[in-house]
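Structure first, then comments.
The values are calculated or read from the model by the stated rules, or taken from the named source; none is laboratory data. Predicted model, so just to flag it, every value in this text is computed and none were measured. Using ideal geometry, Cβ is built from the backbone for each residue, glycine included, and neighbour counts are taken over all protein chains shown. We work out accessible area using only protein heavy atoms, side chains counted, and drop any ligands, DNA or RNA first. Shrake-Rupley method; radii C 1.70, N 1.55, O 1.52, S 1.80 Å.
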Amino acid sequence: MGGGTPVSIQSMLTEPLNNVTAALKQTENLHKAGCEIIRVAVPSNAVLPTLKIFASESPMPVVADIHFDGRLAIKAIEAGCHKIRINPGNLQNPETLTELAALAKERSVPIRVGVNSGSVAPRKGIRPEKIDPVTLLIDTVARGIQMLTDLNFNDIVVSAKCHYVFSTIATYRRLAGMFPYPLHLGVTAAGGLRQAVIKHALAFGVLLAEGIGDTLRVSITGDPIEEVRAGWDILRALNLRKRGAVVVSCPTCGRTAVPLDKITAEVETTLEALVTDVGEDKWPDSIRTVAVMGCVVNGPGEAAAADIGAAFEKTTAVIFRKGEIIERVPVDDAVQRLVALVEEAIDASR
Ligand code: SF4
């Protein structure tokens, strides 16, 4: 993470750790969807036995999210977790902090100093209303970093999450100029699917376009699979990462004679299953954009930049490659024909 490596995608487990089978199943599904780092809540000593099993069997690195008690961070490292996320407010005991920093250093476990706008603390003698929220967030992060660097611990990741797009952009811009540590991008309490995706896409889009951010989590109230999908969509839209093919489709109009929304959804689902099966490393670079267009008159031309595509009439569809029509098939066969072209390209690139 950091140092020019590709921006990685994280999510957080919603299954409680006390059901380790369900937790591992959810982790496996998130990994298949493209999740690269998984965070789990470690709320008490009670989950430590299952945390150990989980950390050893997870298909991706495990981040322990520590609540309230810094000693749990030490126990999470002993249980095999690969990274710790902790709020500096939970690291006030000097002995615990010293022990944690020493153990994390010995095991090469990074620590994320993770602050949310709801958990900031002004310095003694300063009234919170006298300091702007972004400065308050950064001040809290700075003190957390200082606590670790004073102990000669530097394997640090930083996050400072707030609710608002402009505050998020302002906060991370300042952090990027202040510290040499990798930045974990996030927006806290962002809402349900649509609201959350819009906020994250706006904030992350600006920051990532400026080269700010090393890893990210899209926080959505709902299925974490959607967090992973949204993370990929943001990175793919910015040309920062590749995964399978992006499906482009027209908005439809009076010329459209087929249910293009359903066909588009079917193409997306089928291609997503295909990249999960074959793996991004075996995906052919010749198929990065697949078009689904609502008419034959304008579809192939409007989607000329797509690698392959289908444009639909009432009973037949034309299949095209880079805007050139290569065949005509019945409407019901069009999706399968597109998929067959992708599979041929996968076979040819092996
Ligand atoms: Fe309408 Fe055809 Fe354009 Fe789709 S591609 S919006 S159906 S004109």
> In this structure, is Ala209 within 30 Å of Gly301 (Cβ to Cβ), away from the ligand (no atom under 16 Å from the Cβ) and touching a helix residue (DSSP H, G or I) at 6+ places or on another chain (Cβ under 8 Å)?
Replying inline: no
> Can you name the condition, by its number, that Glu129 falls short on among (1) within 26 Å of the chain's Cα centre (by Cα); (2) of a type in the set (Asp, Glu); (3) open to solvent by 80 Å² or more (accessible area, probe 1.4 Å)?
Replying inline: (1)
> Any chance segment 235-244 includes a residue that's within 16 Å of the ligand (Cβ to nearest atom), more than 15 Å from Gly34 (Cβ to Cβ) and within 21 Å of the chain's Cα centre (by Cα)?
Replying inline: no
>> For segment 311-329, give me each residue that is assigned to a strand (DSSP E or B) and either among the β-branched types (Val, Ile, Thr) or open to solvent by less than 70 Å² (accessible area, probe 1.4 Å) (or both).
In response: Ala311, Phe312, Thr316, Ala317, Val318, Ile319, Phe320, Ile325, Ile326, Glu327, Val329
> Filtering segment 294-310 down to residues that are away from the ligand (no atom under 11 Å from the Cβ) and not in a loop (DSSP other than H, G, I, E, B), which residue is surrounded by the most Cβ atoms within 10 Å (Cβ to Cβ)?
Replying inline: Ala310
>> Here is a list: Thr252, Thr221, Thr289. Which entry is farther than 20 Å from Thr316 by Cα and within 16 Å of the ligand (Cβ to nearest atom)?
In response: Thr289
> Any idea which of Glu227, Glu210, Glu266 is assigned by TED's automatic domain parsing to the domain that holds Lys161 and touching a residue at least 60 places away in the same chain (Cβ under 8 Å)?
Replying inline: Glu227
> Which of the helices (runs of 4 or more DSSP H) contained wholly in segment 44-130 include at least 3 residues that are at pLDDT 95 or above and of a type in the set (D, E, K, R)?
Replying inline: 94-107
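With the structure loaded, tell me whether Leu274 is in a helix (DSSP H, G or I) and either away from the ligand (no atom under 16 Å from the Cβ) or in contact with a Lys or Arg (Cβ under 9 Å, 6 or more places away or on another chain) (or both) or whether it fails that test.
On the way: in a helix (DSSP H, G or I): yes; either away from the ligand (no atom under 16 Å from the Cβ) or in contact with a Lys or Arg (Cβ under 9 Å, 6 or more places away or on another chain) (or both): yes.
Here the answer is yes, as Leu274 does meet what is asked.
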> Quick one: how many residues across segment 31-43 are open to solvent by 10 Å² or more (accessible area, probe 1.4 Å) and either farther than 28 Å from Leu274 by Cβ or at pLDDT 95 or above (or both)?
Replying inline: 6
